[in-house]
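Structure first, commentary second.
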Amino acid sequence: MSGTADPETAGRGASKRQALRDRREQREALRWLRKPGVLVFLGALGLAAGGWGVLIHAARRLPVQEATIEGLHVRLDEARWVLDQMDHGENFQKPAAMMPDMPQLGEQRVTMYLALENRSKDLREYRGEEFFLVPEIGAEVPPFGAVIGQATLEPGQTINTAINFDLDTTRPHGRLLVEWRRAGKTAYFPVPEPAEHFHLRPRGGADLPPDARLLLPIGKARRGARLYAGVYGCGACHGDPEVPDSNNLGPHLGRIGALAGSRIEDMPAEQYIYESIVEPDSFIAPECKGGQPCSAPTAMPEYSSLVTVQDAADLLAYLLELQGS
């Protein structure tokens, strides 16, 4: 038998030896990576890279007060949460007839007041469906209502509009932004934190004084009239004080300033009205719509969770002036 090795077998042996040498060289080359200092450095480098990624992503979501996309300029004039939504827990569930199209129990509505301007040389169309309320946690919210706004603007034309979003505020939502999506581009507008409502905190959460006399010196009746008609929507139930029988579910208040002092023995008018605002179940008015007795519990929101001291004082000053004819 010849002592000469089979060439094919010899070739395979040489390949294996070469592969072993290559692996040893690779291990030697990478041995420095296992040193503690190198591992710490690489870990820090990875964290830094991740941090830059987060910063870049966050920078893309920085809110602005105005933005221009495709020649259509949008300026955010105000973002305001609706205060009075008849949302005050198990005490009273609002009927649709009282506050039509208002948010459901547990939801709150934010209204965005926008100023639009066509800065291009061609027609531009505004579409409310391009805007979304984007919470940090949870699903995005489309604008509210079947008609969310649409308009065609001539070059140089400006218009004002408003758009609404209803958000479930009983669940975590984190930071809120409104995202404008148009032609593959985006812009973000800031949204303040929602107003606190009854279902979010205990009754009487506001720090209001118990005695109305502490408020009288700062009450401004003219501002109170604006709060009554606009911000708190009191007319939805109580009607216009100057129009008899214009009330809905609550008592008409055209003569409340004259009547309040005789409702509770030894209680002055200002105290009766004040407590009726901040704790409406304290007193049930004797007469509501059509002369019928008012319901108990009352349908009125518990405003101590909603009004500020200034607002309560101004509303009180206004209502005290309603003496009737």
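The values are calculated or read from the model by the stated rules, or taken from the named source; none is laboratory data. This is a predicted model, so every value here is computed, not measured. Neighbour counts run over all protein chains shown; Cβ positions are idealised from the backbone, glycine included.
Matching residues to (1) surrounded by fewer than 19 Cβ atoms within 10 Å (Cβ to Cβ); (2) within 21 Å of L208 (Cα to Cα); (3) over 32 Å from the mean Cα position of the chain (by Cα):
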site: C234; (1), (2), (3): no, yes, no
site: E242; (1), (2), (3): yes, no, yes
site: R255; (1), (2), (3): yes, no, yes
site: D281; (1), (2), (3): yes, yes, no
site: C288; (1), (2), (3): no, no, yes
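Restricting attention to region 260-271, the residues that are under 19 Å from S295 (Cα atoms) and either surrounded by fewer than 22 Cβ atoms within 10 Å (Cβ to Cβ) or basic (K, R) (or both) total 2. Against the numbered list (1) under 28 Å from the mean Cα position of the chain (by Cα); (2) under 16 Å from C234 (Cα atoms); (3) surrounded by fewer than 18 Cβ atoms within 10 Å (Cβ to Cβ), D314 comes up short only at (3).
Candidates Q108, Q85: the one that is modelled with pLDDT under 90, assigned to a strand (DSSP E or B) and surrounded by 14 or more Cβ atoms within 10 Å (Cβ to Cβ) is Q108.
Based on this model, can you work out whether G219 counts as modelled with pLDDT under 90, surrounded by fewer than 18 Cβ atoms within 10 Å (Cβ to Cβ) and among the small types (G, A, S)? Answer is no for this residue. Against the definition (polar (S, T, N, Q) and assigned to a loop (DSSP other than H, G, I, E, B)), how does T170 come out, yes or no? The answer is yes for T170.
Yes or no: D266 without any contact (Cβ under 8 Å) to a residue 60 or more places away in the chain, assigned by TED's automatic domain parsing to the domain that holds D245 and closer than 18 Å to R213 by Cα? Spell out the reasoning first.
Numbers: without any contact (Cβ under 8 Å) to a residue 60 or more places away in the chain: yes; assigned by TED's automatic domain parsing to the domain that holds D245: yes; closer than 18 Å to R213 by Cα: yes.
So D266 fits the description; yes.
Test each condition in (1) outside any loop (DSSP other than H, G, I, E, B); (2) surrounded by fewer than 17 Cβ atoms within 10 Å (Cβ to Cβ); (3) modelled with pLDDT of 75 or more for E90 and report the one that comes out false. In the conditions (1) outside any loop (DSSP other than H, G, I, E, B); (2) surrounded by fewer than 17 Cβ atoms within 10 Å (Cβ to Cβ); (3) modelled with pLDDT of 75 or more, E90 misses (3) alone. State which residue is modelled with the lowest pLDDT when the search covers only region 111-151 and only residues that are touching a Phe, Trp or Tyr at 6+ places or on another chain (Cβ under 8 Å) and loosely packed, with under 13 Cβ neighbours inside 10 Å. Ranking the candidates gives Q150 first.
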